[in-house]
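The values are calculated or read from the model by the stated rules, or taken from the named source; none is laboratory data. None of the values given here were measured: they were computed from a predicted structure. Counting neighbours? That spans all protein chains shown, and the Cβs are built from the backbone with ideal geometry, glycine included.
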Amino acid sequence: MNRFLTSTAAFALCLTAAPAFADMEAALAFLDEEIERSALTREEQEAEMQWFIDAAEPFQGMEITVVSETITTHEYEANVLAPAFSAITGIQVTHDLIGEGDVVEKLQTQMQTGENIYDAYINDSDLIGTHWRYQQARNLTDWMAGEGASVTNPNLNLDDFIGLQFTTGPDGKLYQLPDQQFANLYWFRYDMFTDEKNMADFEAEYGYPLGVPVNWSAYEDIAAFFTGRDLSHMGIEGEIFGHMDYGKKDPSLGWRFTDAWMSMAGMGDVGEPNGLPVDEWGIRVNENSQPVGSCVARGGATNSPAAVYAIEKYVEWLTNYAPPAAAGMTFSESGPIPAQGNVAQQMFWYTAFTADMVGDGAAAVLDEDGMPLWRMAPSPHGVYWEEGMKVGYQDAGSWTLMESTPVDRAQAAWLYAQFVTSMTVDVEKSHAGLTFIRESTINHDSFTERAPALGGLVEFYRSPARTQWSPTGTNIPDYPRLAQLWWQNIGDASSGAKSAQEALDSLCEQQEQVLERLERAGVQGDLGPVLNEEQDPSYWLEQPGSPKPALENEDEEPMTVSYDELIQSWQ
C-alpha cells in the first residue's frame with residue numbers, strides 16, 4: 001500500500017479534532033503526520049502554513065470545487081492535501097477526479113456557456129494556444145499583480161518550476177501553473193539487453209551492439225530480434241514481444257500521435273519547446289503566430305511524407321512485434337502490460353507509469369531485492385528527424401483559472417492550487433506520484449537515495465536532455481476541437497480501413513475546416529487563423545524545413561548506445 005494512504009488514516013484523526021475554521025493546530029498536525037521530506041526547513045514550513053492561514057481568512061467557510069484527471073499524483077492531492085488544506089484554512093475543497101477527456105469537455109463547456117462549472121481546473125498545458133487566443137483563462141501574470149495579489153504566496157518561487165515555458169503564451173504571459181509533469185520516454189528491459197547470450201546473438205545477426213536504440217531503424221531490429229525469442233536461459237517463460245503499443249479507435253489513440261509521435265519521426269521543424277513555423281501536429285503558423293495551414297498544399301505537414309512514414313511504422317510495428325491483443329487496447333489498458341514481464345521494449349511509454357512499475361503488481365519486472373529490471377531512456381527518432389527538433393512529449397497538467405469564475409472563488413481556488421504545489425508539500429507529493437514540477441524537489445537528497453529504484457527517472461529529470469521533451473505548443477488554436485479529429489482518422493489507419501496517406505489527407509483537411517471556421521467567426525481576433533491559399537504541394541516541399549520531401553531510402557543506418565554510457569553523459 002502507498003505510504004500516503006496509510007498516513008492518511010493517522011492524519012484523519014487529527015482532522016476530526018481540528019476546529020471548523022483556520023487553525024495552526026491543524027497545520028502542525030499535518031506537518032507532523034504527512035510531511036517527512038520537504039525542500040523547506042520545519043521553521044520555513046510553519047511560516048508558509050501561517051501565510052496560508054492568514055491569506056485564507058476572508059474565505060473561511062467557503063466551499064469550492066476543482067477538477068483534475070485521475071492519476072496517482074491527483075489522487076494524493078484529493079485524498080491527502082485537499083482535506084489538509086480545508087482543515088488548515090477553513091476553505092472547504094472538493095477535488096473531483098475524472099477522465100482526462102471529461103476534464104477537457106467540462107472546460108470547453110465552461111468556455112462556451114460562461115457557466116462556472118469548476119472554480120479551477122488542472123488541465124494539460126496542451127491547451128496553452130487555446131487559452132492564449134480565446135483569453136477566457138485568467139492571465140496569471142496580471143492576476144498575481146492584480147486581483148490575485150493578496151492571495152499569491154510570496155514563497156511561490158516561480159523560478160523553481162521547471163515547466164513554465166510550456167504554460168507561457170507568445171505574449172510572455174503565464175496562463176497556467178504546472179501541477180505535475182511526466183515525460184514520454186523509451187522503456188526497455190535492462191536485464192534482457194545486458195544478458196551475454198542475447199548480446200552475442202544480436203551482434204552476430206545484425207552486426208552492431210545491442211543497446212538503447214538511437215534511431216527507429218535500430219528500434220525495429222531490436223523489436224524483430226526479441227519477438228518470439230526463447231529467453232528460458234534467463235528464467236523467463238512465455239511468448240516474448242519486442243514492442244508494445246495500442247490501437248483501439250478511442251480518444252486515447254489521438255494522444256498517441258499528438259503527444260509527439262510525429263515529431264519523433266521528424267515531421268515538423270526544429271525549435272524548442274516546439275517546432276516553428278511547423279509544429280508536431282503539422283500546423284504551420286505565420287510570423288504573428290497565426291495558423292495558416294495543416295495540409296502540405298498550404299505549407300503544413302500533417303499529410304507530408306514524414307507523417308506518412310510515422311503512421312506506416314506505427315502500424316507495421318503494432319502488427320508485427322506487439323502482442324495480438326494490443327491492436328484492440330486503449331491507452332489505459334495497454335499501460336500495465338510491460339509490467340507482466342514479456343515485453344522487451346516500448347518506444348512510447350509515459351513516466352506516469354513509474355509508480356506502477358515499482359509496485360506490488362510489478363514482481364515480474366523487479367529483481368529479488370525489489371529493484372527494477374527495466375530502465376528508461378530517450379526515445380529513438382525517425383529518419384526525418386534533425387538535430388534541434390523536439391524528441392518527445394512531456395505532459396504538464398497545470399492549474400487554470402477561468403475568467404467566468406467569480407473573483408472570490410478564483411482567489412480561494414488559487415490558494416488551494418498554490419498549497420498543493422508549495423515547496424512545503426512538493427517533495428512528499430512527488431514521492432507519491434513521481435511527477436516532478438520543481439527543481440528543488442528533483443535535487444532533493446531523498447530522490448538521490450531513491451534514484452536507483454526508479455530506473456533512470458531521476459537522472460533524466462536532472463539532465464539537460466529534459467528540455468527536448470515538451471507538450472503541445474501554441475500553434476494549436478483550439479485543442480478540444482482539433483484533438484478529437486486525430487483518433488478518428490488515425491483509427492482508420494490503425495484498423496486498415498484506410499492507408500496512412502488516405503487517413504492523413506482526411507485529417508489535415510478536417511483540421512483546415514476547423515481553422516477556416518475559426519477564421520470566419522473571428523472569435524480569436526488578430527490571433528486566429530488566416531489560411532494560406534492552396535498551391536501545388538511541390539512548392540512547399542521544395543522550400544527549406546517542413547514539410548519535407550520524401551526520402552529515397554527511409555531505412556537509415558541503425559545506431560545504438562550503451563545505457564550506462566548514456567547515464568554518465570547526463571551526469
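Summary table
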quantity: Where a residue in the range 30-46 is under 14 Å from Arg438 (Cβ atoms) and its partner, wherever it lies, is surrounded by fewer than 19 Cβ atoms within 10 Å (Cβ to Cβ), with Cβ under 6 Å and at least six apart; calculated: Arg37/Ser446; Ala39/Ser440
quantity: Residues of the range 443-461 that turn out to be at pLDDT 95 or above, crowded, with 20+ Cβ neighbours inside 10 Å and either of a type in the set (S, T, N, Q) or outside any helix (DSSP H, G or I) (or both), as a count; calculated: 1
quantity: Some residue of the range 47-67 being of a type outside the set (Val, Ile, Thr) and in contact with a His (Cβ under 7 Å, 6 or more places away or on another chain); calculated: no
quantity: Residues of the range 101-128 that turn out to be buried (at least 20 other Cβ atoms within 10 Å of the Cβ) and either within 18 Å of the chain's Cα centre (by Cα) or outside any helix (DSSP H, G or I) (or both), as a count; calculated: 13
quantity: Residue list for the range 373-408, filter: within 30 Å of Ala55 (Cβ to Cβ) and surrounded by 20 or more Cβ atoms within 10 Å (Cβ to Cβ); calculated: Asp395, Ala396, Gly397, Ser398, Trp399, Thr400, Leu401, Met402, Thr405
quantity: Residue pairs meeting the criteria (Cβ under 8 Å; at least 6 apart or on separate chains; first on the phi < 0 side of the Ramachandran plot, in the range 127-149; second assigned to a helix (DSSP H, G or I) and among the polar types (S, T, N, Q)); calculated: Glu147/Gln411; Gly148/Gln411
quantity: Residue in the range 308-336 that is nearest to Pro544 (Cα to Cα), counting only those that are buried (at least 19 other Cβ atoms within 10 Å of the Cβ) and out of contact with any Phe, Trp or Tyr (no Cβ under 9 Å at 6 or more places or on another chain); calculated: Val308
quantity: Looking only at the range 52-78, and only at residues there that are of a type in the set (S, T, N, Q) and out of contact with any Ser or Thr (no Cβ under 6 Å at 6 or more places or on another chain), the one that is surrounded by the most Cβ atoms within 10 Å (Cβ to Cβ); calculated: Ser68
quantity: Single unsatisfied condition, Leu276 versus (1) part of a loop (DSSP other than H, G, I, E, B); (2) in contact with a strand residue (DSSP E or B) (Cβ under 9 Å, 6 or more places away or on another chain); (3) buried (at least 24 other Cβ atoms within 10 Å of the Cβ); calculated: (3)
quantity: Check on Ser440, in contact (Cβ under 8 Å) with a residue 60 or more places away in the chain and assigned to a loop (DSSP other than H, G, I, E, B); calculated: no
quantity: Test: residue in the range 31-44 that is of a type in the set (S, T, N, Q) and over 17 Å from Thr424 (Cβ atoms); calculated: no
quantity: Filter pass, Ser470 being surrounded by fewer than 21 Cβ atoms within 10 Å (Cβ to Cβ) and either touching a residue at least 40 places away in the same chain (Cβ under 8 Å) or touching a Phe, Trp or Tyr at 6+ places or on another chain (Cβ under 7 Å) (or both); calculated: no
quantity: Failed condition for Tyr208, given (1) modelled with pLDDT of 95 or more; (2) crowded, with 19+ Cβ neighbours inside 10 Å; (3) aromatic (Phe, Trp, Tyr); (4) touching a Ser or Thr at 6+ places or on another chain (Cβ under 8 Å); calculated: (2)
